[in-house]
Amino acid sequence: MTQPVRLGLRANLGQFSLLVAINAFVGAMVGLERSTLPLIGRDSFGLSSSAAVLSFIVAFGLAKAFTNLGAGALAQGVGRRRLLILGWAVALPVPLLIAVAPNWGWIVAANVLLGVNQGLAWSMTVVMKIDLVGPRRRGLALGLNEAVGYGGVALAAGLSGLLAATFAPRDVLVVAGAVIAVTALVLSVLFVHDTGAHVALEQERDHAKADDTAPRLRTAFAQASYRVPALRSCSQAGLVNNLNDGLAWGLVPLFLAANGAGVGAIGLVAAVYPGVWSVAQIATGHWSDSVGRKPLIVGGMMVQAAALGLLALSGGAVATAAMAAALLGVGTALVYPTLIAAISDAVSPVARAPVVGVYRFWRDMGYALGAVIAGTVADAAGYSGAIAIVAGLTAASGFWVAFDLPARPRSSRPSTTVDQSTNALTT
């Protein structure tokens, strides 16, 4: 007998938990590279330019950003589950390309595929969990999702750094990446169910007077990019958040290595940041359900700016860098799940996937922009100068949110929808 469709975390605990576990694998795929790949570029491929080393992050960020955009537009018609499965199928060649790469261009190509994997798989696990829980526990759901996803990033970053001190770093990436991709694909094919019925139920129950068709990509892009304050302020904050995440991923290992840190210590610092971020997100996502989204976003951007300032002044000392990484994790935990929750608050269920897709497009463009800025400035002015510039951009983004994002004290207020005819927010 078919089970009735219900919204809520407890009512959908089995599927929710499965999607959380799969998101841990999504995070682990990218976490494997965090402590080792920049060093592989320098040591195994002889790259001397920071901009050249960070080219893999530019490729990853562009691929993920445009995949997010396409996934959001296709989710309603193609189905969330199918896109999730496709994301894991695309991940299968990544370890093979890294294993046989004769030059750095092959590594860049592997990261294009990794970006597509992340864009499809992470986007769909996020949207499907929002679909399942309904509006009242949206912040908690996103906190759990991002906590486990970035817990996977932290665990993989730490373990790959430790293993790379004993085994060849490239071998560590290849074996672990293959195991993760195959396992997640099998779980997605055999056990994940689509959430289209949950979207239809929430639309009928809570948004009966709203347009029941998903907005066209052109409309969603305009709304989330510049027309609607609640959406554009979140989009720019997401971009800057991942701009400094790209710096932490690509530049910090080089910064620490240049100041004498070994690969094990670099792996530790690389794991502290997403580790603190992942654990704290459970609390911060839930907190935003009660106190509102805006205070956490503004405060989190300012904490991130302070952390990057501390890192810029650290001189590459591992202990200070670890403290800065922990502070950066706290700031990011305040911001990351809260931004997606704020976006979801501002649109109807059928508009959720395309609008979240546009937000994630801008957010992940931050990887590419961060790698370009960090690599170029580091080559010209040194690592500390690049980190300081990103710290200033992060603080400016926080001020933007403070002035542009409308205050919405709690997520239990009536959901807001995008009026397609007037390009305005209506309640």
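Overview of values
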item: Selection within region 92-141 - closer than 17 Å to residue 175 by Cβ and in contact with a Phe, Trp or Tyr (Cβ under 9 Å, 6 or more places away or on another chain); result: 97, 98, 100, 101, 107, 110, 114
item: Selection status of residue 197, touching a residue at least 12 places away in the same chain (Cβ under 8 Å) and surrounded by fewer than 17 Cβ atoms within 10 Å (Cβ to Cβ); result: yes
item: Residues of region 19-45 satisfying the condition of being over 18 Å from residue 151 (Cα atoms) and hydroxyl-bearing (Ser, Thr, Tyr); result: 44
item: Test: residue in region 354-370 that is of a type in the set (Val, Ile, Thr) and at pLDDT 90 or above; result: yes
item: Criterion: more than 17 Å from residue 358 (Cβ to Cβ), surrounded by fewer than 24 Cβ atoms within 10 Å (Cβ to Cβ) and in contact with a Ser or Thr (Cβ under 8 Å, 6 or more places away or on another chain) - qualifying residue of 88, 104; result: 104
item: Residue 353 in contact with a helix residue (DSSP H, G or I) (Cβ under 7 Å, 6 or more places away or on another chain), surrounded by fewer than 20 Cβ atoms within 10 Å (Cβ to Cβ), of a type in the set (A, V, I, L, M) and touching a residue at least 12 places away in the same chain (Cβ under 8 Å); result: no
item: Unmet criterion (only one of (1) free of Cβ contacts under 8 Å to residues at least 24 places away in the same chain; (2) within 25 Å of residue 158 (Cβ to Cβ)) for residue 38; result: (1)
item: Residues within region 109-142 that are among the aliphatic types (A, V, I, L, M) and either within 10 Å of residue 71 (Cβ to Cβ) or at pLDDT below 90 (or both), tallied; result: 11
item: Residues being among the aliphatic types (A, V, I, L, M) and crowded, with 24+ Cβ neighbours inside 10 Å - total across region 309-332; result: 5
item: Residue satisfying condition, being in a helix (DSSP H, G or I), surrounded by fewer than 19 Cβ atoms within 10 Å (Cβ to Cβ) and among the acidic types (Asp, Glu), within set 289, 364, 379; result: 379
item: Single condition residue 205 does not satisfy, out of (1) within 25 Å of residue 365 (Cα to Cα); (2) assigned to a helix (DSSP H, G or I); result: (1)
item: Residue in region 218-238 that is part of a helix (DSSP H, G or I) and touching a strand residue (DSSP E or B) at 6+ places or on another chain (Cβ under 7 Å) present; result: yes
item: Test: residue in region 333-340 that is in a helix (DSSP H, G or I), of a type in the set (A, V, I, L, M), surrounded by fewer than 24 Cβ atoms within 10 Å (Cβ to Cβ) and at negative phi; result: no
item: Residues (without any contact (Cβ under 8 Å) to a residue 40 or more places away in the chain and under 19 Å from the mean Cα position of the chain (by Cα)) located in region 53-86; result: 86
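The values are calculated or read from the model by the stated rules, or taken from the named source; none is laboratory data. Quantities reported herein were computed from a predicted structural model and do not represent experimental measurements. Virtual Cβ from ideal backbone geometry, glycine too; neighbours counted across all protein chains shown.
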